[in-house]
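The values are calculated or read from the model by the stated rules, or taken from the named source; none is laboratory data. Small disclaimer: the values here were computed from a predicted structure and weren't measured. FYI the Cβ positions are ideal-geometry reconstructions off the backbone, even for glycines, and counts take in every protein chain you see. Keep in mind that these areas ignore ligands, DNA and RNA; they rest on the heavy atoms of the full protein, side chains included. Shrake-Rupley method; radii C 1.70, N 1.55, O 1.52, S 1.80 Å.
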Amino acid sequence: MMPEKPVQMANPLEQYVLLSKSTKGAAAIELVKQVLEAPGVYVFGELLDMPNIKELSTGPNERYFKLLNLFAYGTYSDYKVHQTELPELTPVQVQKLRHLTIVSLATKTKCIPYSVLLRELDLKNLRELEDLIIEVIYADIIHGKLDQKNNQLEVDYAIGRDIGNDDIITMAGVLQEWCDSCETILTNIETQINKANTTKDNRNKHKGMLELEVGNIKKALKTQAQDMDEQMSTDIREAAAQGDKPSKKQSKAKSYSKSQIGRAHV
């Protein structure tokens, strides 16, 4: 039984997942062929998990399950290595697998040398390679530009591919390293905060001591000024008091003058 014609949906793979629920055997194989050529379908993990598709993993149709698995997680160079174990690819499937290979390379580096692309895609000349890259960019699989001066592809963005078990282990390792780095950074930040707080406390204590010392100096100067004012007032009062009393010489001079005046009159 041939699979029904797929219905257009927001998720291009969803229609094939729905169809897989009612297809088995030869129909399931035809469904796999269709999805591998379907435009806009670049992830296949959900379809691989469907029971009727999993049934293809054993028996005479095993190679079609392996082919679907290759499109989900592998590259064109993987196909070349295992080509004898897999069905022959159609021209459309070859192009799609090459597209997916570029996506895989883009996840590893943002500047992919033409030499690497030529080797991984099994292309013979730059014209074929650049045409393929332009095709991938127009398909919105990656965003980037051709750097013909440096013979490389500069990638700004790439779609995500299916994640295999090995990828999960790698991702877990990367995330653990990131967590460890975050812990180290947080520890360093806390150390710097403690140092800053200690420095701030020391400065505040020093400032307090300086303010206390300045206050004491001001009090001492004020007391000294008051003492000087009081001493000056005392000196002024004493000087004024002494100015009111005649001295002994002045008294004698006055007495002598009066006696002389008396004799003159006699």
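Give me the percent of the accessible area of the range 89-129 that comes from carbon and sulfur atoms, probe 1.4 Å, all protein chains in place. Can you show the working numbers first?
Details: 1170 of 1970 Å².
The value for the range 89-129 is 59 percent carbon and sulfur by accessible area.
Along the Cα→Cβ direction, 7 angstrom out, place labels at THR107 and ASN202. What is the inter-label distance in nm?
5.1
On a 29 Å Cα-Cα criterion, which of the cross-link pairs LYS80/LYS110; LYS195/LYS219; LYS66/LYS124; LYS24/LYS96; LYS195/LYS222; LYS108/LYS195 come out too long?
LYS195/LYS219; LYS195/LYS222; LYS108/LYS195
Of all trypsin sites (Lys or Arg not before Pro) in the range 21-91, which ones are in loop regions per DSSP and have a Cβ with at most 16 other Cβ atoms within 10 Å?
Passing sites in the range 21-91 are LYS21, LYS24.
Which cross-chain or sequence-distant (5 or more) residues have an amide H under 5 Å from the amide H of GLY144, H modelled 1.01 Å from N in plane?
Amide H neighbours of GLY144, under 5 Å, 5+ apart: ASP156.
When we measure straight from the Cα of LYS218, which aspartates and glutamates land under 18 angstrom away, once same-chain ones fewer than 8 places off are left out?
Within reach: ASP227, ASP229.
With just the Cα atoms defining each centre, how far is the range 139-210 from the range 59-83? Give it in Å.
The two parts, judged by their Cα centres, are 37 Å apart.
Simple spin-label model, 7 Å along Cα-to-Cβ: ASP166 to ASP180 in nm?
2.2
Work out from phi, with θ = phi - 60° and the Karplus expression 6.51 cos²θ - 1.76 cosθ + 1.60, the ³J(HN,Hα) of each residue of the range 114-129, listed in order in whole Hz, and give x for Gly and Pro.
4, 4, 5, 4, 4, 6, 5, 9, 6, 10, 9, 9, 5, 4, 4, 5
Determine, for each peptide in 130-142, 168-180, the mean count of other beta carbons within 10 angstrom over its residues, then list the peptides with the highest first.
130-142, 168-180
Using a 1.4 Å probe, what is the accessible area per residue for the range 19-177, in Å²?
In whole numbers, the range 19-177 has 54 Å² accessible per residue.
Going highest first, how would you order 182-188, 11-17 by mean Cβ packing within 10 Å? Working shown, then result.
Numbers: 182-188: 10.0, 11-17: 17.7.
Going by the mean number of other Cβ atoms within 10 Å, highest first, we get 11-17, 182-188.
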